[in-house]
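Student: Next up is a structure, given as structure tokens.
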Amino acid sequence: MSVELLDHERLDELHRNGYFIIQNPEKFCFGMDAVLLSGFVQVKSQETALDLGTGTGIIPILLEAKTSGLHFTGLEIQPESADMARRSVLYNHLEDKINIEIGDIKDASRQFGASSFHVVTTNPPYMTGQHGLTNSNRAKAIARHEILCSLEDVIRESARLLKPQGRFYMVHRPFRLAEIMTLMQKYGLEPKRMRLVYPFVDKEPNMVLLEGLRGGNPRITVEKPLIVYKEPGVYTDEIRQTYGY
């Protein structure tokens with residue numbers, strides 16, 4: 001099946017299984033945070049996973065390539081992004097493994113039903129509506145700022161969507177870590193794994209990867225730091241492996 005590229009769209013190679021993704025740089029392109037999350041997530045055979053706010057579908061496509069999961073779903077509220085995600089799925093011949101749905105994260109548990117997935121992943125907007133400069137491009141602003149949903153919406157719906165003992169995975173910013181942990185425990189997602197991401201070994205962390213367990217017991221493992229660059233412009237071996245270089 002041929003897949004049409006629209007104006008300003010391009011095909012980007014993912015360096016995994018020969019897969020590509022359709023993106024429009026005038027709207028929004030995935031970043032390192034999505035790639036790192038895909039390397040942190042575990043989806044076992046016979047498990048189903050849902051990605052909340054999937055954008056152009058980068059996380060479901062990478063998880064299909066990197067894990068043995070049975071099926072992957074992406075939920076996206078912006079029709080243009082969802083359309084690009086669906087065409088990427090078709091381009092990579094993954095329509096039997098991945099489906100993309102249009103919907104609102106705030107209503108996700110009603111759309112899919114409670115306790116529907118073994119795994120929920122999300123790379124949500126990092127900034128509150130008042131924090132940082134809101135991008136004039138609405139697609140980029142929605143991806144970066146809590147315009148259409150809040151952090152609490154994401155965590156609440158994730159807890160409802162997960163089966164008992166299901167796993168929640170998120171990438172976010174360390175400056176909101178206390179808020180994240182509080183909300184996870186409020187909704188019964190016990191933090192189980194955490195890994196901080198540092199741009200350089202001597203800099204402060206700028207990302208945090210988290211795993212929570214629905215109904216888990218209190219005990220968290222803090223994994224070794226993930227360092228992105230060994231020198232300016234040169235990725236560490238672990239980052240290169242995560243990207244598939």
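The values are calculated or read from the model by the stated rules, or taken from the named source; none is laboratory data. Quick caveat: nothing in here was measured; it's all calculated off a predicted structure. Positions of Cβ are generated from backbone atoms using ideal geometry, with glycine treated the same way; all protein chains shown enter the neighbour counts.
Student: Give the residue that is modelled with the lowest pLDDT, with candidates limited to residues of the range 47-77 that are touching a Gly at 6+ places or on another chain (Cβ under 8 Å) and surrounded by fewer than 22 Cβ atoms within 10 Å (Cβ to Cβ).
Tutor: Checking each candidate, the answer is ILE77.
Student: Let me ask you something else. Tell me, yes or no, whether the range 172-180 has at least one residue that is aromatic (Phe, Trp, Tyr) and touching a Ser or Thr at 6+ places or on another chain (Cβ under 9 Å).
Tutor: The answer is no, given that none of the residues of the range 172-180 is aromatic (Phe, Trp, Tyr) and touching a Ser or Thr at 6+ places or on another chain (Cβ under 9 Å).
Student: Out of (1) surrounded by fewer than 16 Cβ atoms within 10 Å (Cβ to Cβ); (2) at positive phi, what's the single condition that is false for GLU26?
Tutor: (2)
Student: Would you please name the residue that is farthest from ALA108 (Cα to Cα), looking only at residues in the range 150-199 that are buried (at least 19 other Cβ atoms within 10 Å of the Cβ) and β-branched (Val, Ile, Thr)?
Tutor: Result: VAL197.
Student: Something else about it: Is it true that ALA114 is under 19 Å from GLU152 (Cα atoms), among the small types (Gly, Ala, Ser) and surrounded by fewer than 24 Cβ atoms within 10 Å (Cβ to Cβ)?
Tutor: Answer is yes for this residue.
Student: Would you please name the residue that is surrounded by the most Cβ atoms within 10 Å (Cβ to Cβ), looking only at residues in the range 78-101 that are farther than 28 Å from PRO164 by Cβ and hydrophobic (A, V, I, L, M, F, W, C)?
Tutor: Ranking the qualifying residues of the range 78-101, first place goes to ALA85.
Student: Got at least one residue in the range 197-217 being of a type in the set (A, V, I, L, M) and without any contact (Cβ under 8 Å) to a residue 24 or more places away in the chain?
Tutor: Looking for residues that are of a type in the set (A, V, I, L, M) and without any contact (Cβ under 8 Å) to a residue 24 or more places away in the chain, one finds none in the range 197-217, hence no.
Student: Can you report the number of residues in the range 169-195 which are of a type in the set (Phe, Trp, Tyr) and under 20 Å from GLY31 (Cα atoms)?
Tutor: The number of residues fulfilling the criteria is 2.
Student: Any residue at all in the range 14-21 that is touching a strand residue (DSSP E or B) at 6+ places or on another chain (Cβ under 6 Å), more than 20 Å from MET170 (Cβ to Cβ), aliphatic (A, V, I, L, M) and in a strand (DSSP E or B)?
Tutor: Among the residues of the range 14-21, at least one is touching a strand residue (DSSP E or B) at 6+ places or on another chain (Cβ under 6 Å), more than 20 Å from MET170 (Cβ to Cβ), aliphatic (A, V, I, L, M) and in a strand (DSSP E or B), which makes the answer yes.
Student: Just name the residue that is modelled with the highest pLDDT out of those in the range 117-149 that are surrounded by fewer than 20 Cβ atoms within 10 Å (Cβ to Cβ) and hydroxyl-bearing (Ser, Thr, Tyr).
Tutor: Top of the filtered list is THR128.
Student: In addition: From the list GLY212, GLY244, pick out the single residue that is touching a helix residue (DSSP H, G or I) at 6+ places or on another chain (Cβ under 9 Å), within 19 Å of ILE59 (Cα to Cα) and modelled with pLDDT of 95 or more.
Tutor: GLY212
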